[in-house]
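Here is the structure we will look at, set down as structure tokens.
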Amino acid sequence: PDVPALPQPLRWSTATAAFQIEGARTEDGRGRSVWDAWVDTPGKVVDGATADPAADSYHRWADDVALLAGLGVDRYRFSISWTRVQPDGSGRVNTAGLDYYSRLVDDLLDAGVTPFPTLYHWDLPIPLHEAGGWTERDTVARFTEYTELVAARLGDRVHDWYTVNEPAMTTLQGYAVGELAPGEFLLFDALSTAHHQLLAHGHAMRVLREHGATAVGLPNNHTRVLRLHDTDADAAAAAAYDAIHNRMFADPILTGTYPDLPGIDTRIPVRDGDMEIISTPPDFYGVNFYNPTTVTAPAPDIPIPFEMVPTPGAPVTGFGEQWPIVPAALRDLLVDFATRYENLPPIVISENGASFPEPDVCSSPIDDVDRISYLDGHLRAVAEAMDAGVRIDEYTVWSLLDNFEWADGYTQRFGLTHVDFATGTRTPKSSYDWYRAVIAENRR
Ligand code: BGC
């Protein structure tokens, strides 16, 4: 392909998450998480999809490793299921769960792919949820204990780690407006969950380093905030949304402080020493990027200081106007970050990708030109940010496989590889071949 020119070589990666690909929800002693409860509640997930068998990776991990080796990626971002390791979220350890990840790690290393696991990708054990979940400070101690267990088993072979996936999405969609599990509707009271997840990240970094980790960071979800009108009122709305989605989760790590949130009582339960732990310098900063967010000033009777609106004129992904395609927004976000944060470590693009309508069964490989164009555009944006002096080390496609897309079930396919969820059959799409060529070209 006509590969985007990169000013320096990047490391290449692709990502998945345990609940989205593994299936086998009741096998080998696995416990239940908030996502099990969610999928078992009628009406929560499109078409009643249950994430079982999903891509059946609990049984077909060897196929996944072969796909990764075929792509030639440097690292594989997968996640470890807390409830496979500790079915109750504390105490008792399920050796079969750790064995599964240990085998996967060995197979990846044999295939020449560096394992780059995420400790937590949204699957909070039910007993911890019942005790308050991320609103409770005790969940931080439980997460630290879980991290110890995983690091003690895998730390001899795994040195690269992600801690907590996208605290922003858990706080905003899981606890503030209830669109994702656990489905709480706490509005601004949800901000305690941001603090506790960030603190869990900080403690996990220490534990992982004690076990020999050399690359530790977290993947944060970031969006570029655009304003609908060039007015002061819309500028204020954009600043408020930027604070709540971006700064709330990046500032504590990169500056050791929370942002001022205009018009919002922050209610963040900070104790002495917390901010030092949270701002322990990470080895990299993970940016998950999908789309910009356009906002305008809210109507006078709305208690939230912004209103989200479609991005005018932008093409969209399978999610429609919620997911506008604006690659330049990634470039601008990265350049802004480098200006905003003096101590910014190298950036890892820890997720980037898109879903488009594709058939459930494919008789011949899918020619996903829209996905190729999305990825190509965003890689060019990364190259432009590098040209502008931003240090970026790695790029990760979400996702290796079509998988269970949370509340959207199987209706949004993000994979470089098509998965037939009825049979588990994997069929690489054109984007898989394109990505393999991009990687090969960049290595020359
Ligand atoms: C999450 C993934 C998800 C993807 C696409 C990210 O926010 O980390 O789990 O599948 O977005 O929605």
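Read-outs: derived from the displayed coordinates by stated rules, not from any lab. Predicted, not measured: the structure shown is a model, and the values here were computed from it. Cβ coordinates were reconstructed from backbone atoms using ideal geometry, including for glycine residues, and neighbour counts include every protein chain displayed.
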ask   = Given 5 Å bins starting at zero, what is the percent of C-alpha pairs of the range 213-334 in each, up to the one with the largest pair distance?
value = 2, 11, 17, 20, 18, 14, 10, 6, 2, 0, 0
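Could you give the length gained by full extension between residue 373 and residue 106, i.e. 0.36 nm per residue of separation minus their alpha carbon distance, to one decimal place?
Working: separation 267, 0.36 × 267 = 96.12 nm, distance 3.43 nm.
Length gained, residue 373 through residue 106: 92.7 nm.
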remark   = Highest mean packing first, using Cβ neighbours within 10 angstrom, the peptides 146-157, 217-228, 310-321 sort as 217-228, 146-157, 310-321
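Please state the shape class of the range 14-165: rounded when a/c is under 1.5, otherwise prolate if a/b exceeds b/c and oblate if not, all from the C-alpha gyration tensor.
The shape class here is oblate.
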remark   = Residues other than residue 294 with Cβ under 13 Å of its Cβ, Lys/Arg counted +1 and Asp/Glu -1, net out at -3
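Ratio of Rg to Rh for the range 78-176, alpha carbon only, Kirkwood? Display every interim value, and only then the final one.
Working: Rg = 13.9 Å, Rh = 14.1 Å.
Ratio value, two decimals: 0.99.
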task = Counting only C-alpha contacts under 8 Å and six or more residues apart, can you give the relative contact order of the range 78-185 as a whole percent?
result = 29
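Report the net charge of residues surrounding residue 409, where surrounding means a beta-carbon distance below 10 angstrom and charges are Lys +1, Arg +1, Asp -1, Glu -1. Could you put the intermediate results ahead of the total?
Details: positive: 44; negative: 47, 405, 408.
Net of charged neighbours comes to -2.
Could you give the semi-axes, largest first, of the ellipsoid that matches the range 299-444, computed as the square roots of 5 times the alpha carbon gyration tensor eigenvalues and rounded to whole Å? It would help to have the intermediate numbers written out before the result.
Values: eigenvalues 163, 112, 33 Å².
Over the Cα atoms of the range 299-444, the semi-axes work out to 29, 24, 13 Å.
Calculate, in whole percent, how much of the Cα-Cα pair population of the chain lies beyond 35 Å. Can you show the working numbers first?
On the way: 23218 of 98346 pairs.
Considering the chain, 24 percent of its Cα-Cα pairs are separated by more than 35 Å.
Given N residues in the range 365-408, what is its alpha carbon radius of gyration divided by 2.2 N^0.38 Å? Display every interim value, and only then the final one.
Numbers: Rg = 13.7 Å, N = 44, 2.2 N^0.38 = 9.3 Å.
Against the empirical 2.2 N^0.38 Å value, I get 1.48 for the range 365-408.
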ask   = Among 207-215, 337-345, how do they line up from the highest to the lowest mean number of other beta-carbon atoms within 10 Å?
value = 207-215, 337-345
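Residue 12: net charge of surrounding residues, Cβ under 10 Å, Lys/Arg +1, Asp/Glu -1, itself excluded? Walk me through the numbers on the way to the answer.
Numbers: positive: 11, 75, 436, 443; negative: 74, 394.
Once positives and negatives cancel, what remains is +2.
Mind checking which helices in the chain clear 18 Å along their axis (Cα) and have mean Kyte-Doolittle hydropathy of 0.0 or more, DSSP H runs only?
Values: long enough: 57-71 (21 Å, 0.19); 95-110 (22 Å, -0.11); 138-154 (24 Å, 0.08); 191-210 (29 Å, -0.20); 327-340 (20 Å, 0.39); 369-387 (27 Å, -0.05); 430-443 (20 Å, -0.88).
Helices meeting the span and hydropathy rule in the chain are 57-71, 138-154, 327-340.
For the chain, what is the relative contact order in percent, using Cα pairs closer than 8 Å and at least 6 residues apart in sequence?
On the way: 929 pairs, mean separation 82.5, N = 444.
About 19 percent, as a whole number.
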message = How many angstrom lie between the Cα centre of the range 387-408 and the Cα centre of the range 307-326?
response = 18
task = Would you work out if the range 183-237 is rounded, prolate or oblate? Take a ≥ b ≥ c from the square roots of the eigenvalues of the alpha-carbon gyration tensor; rounded if a/c is under 1.5, else prolate when a/b is larger than b/c, oblate otherwise.
result = oblate
Computed Kirkwood radius, in angstrom, where 1/r is averaged over Cα pairs of the range 198-284 = 14.5
inquiry  = Taking the Cα of residue 391, stepping 7 Å toward and past its beta carbon, and measuring to each backbone N in the range 272-289: which are under 17 Å?
reply    = 280-287
Prolate/oblate/rounded label for the range 361-444 (Cα gyration tensor, a/c 1.5) = prolate
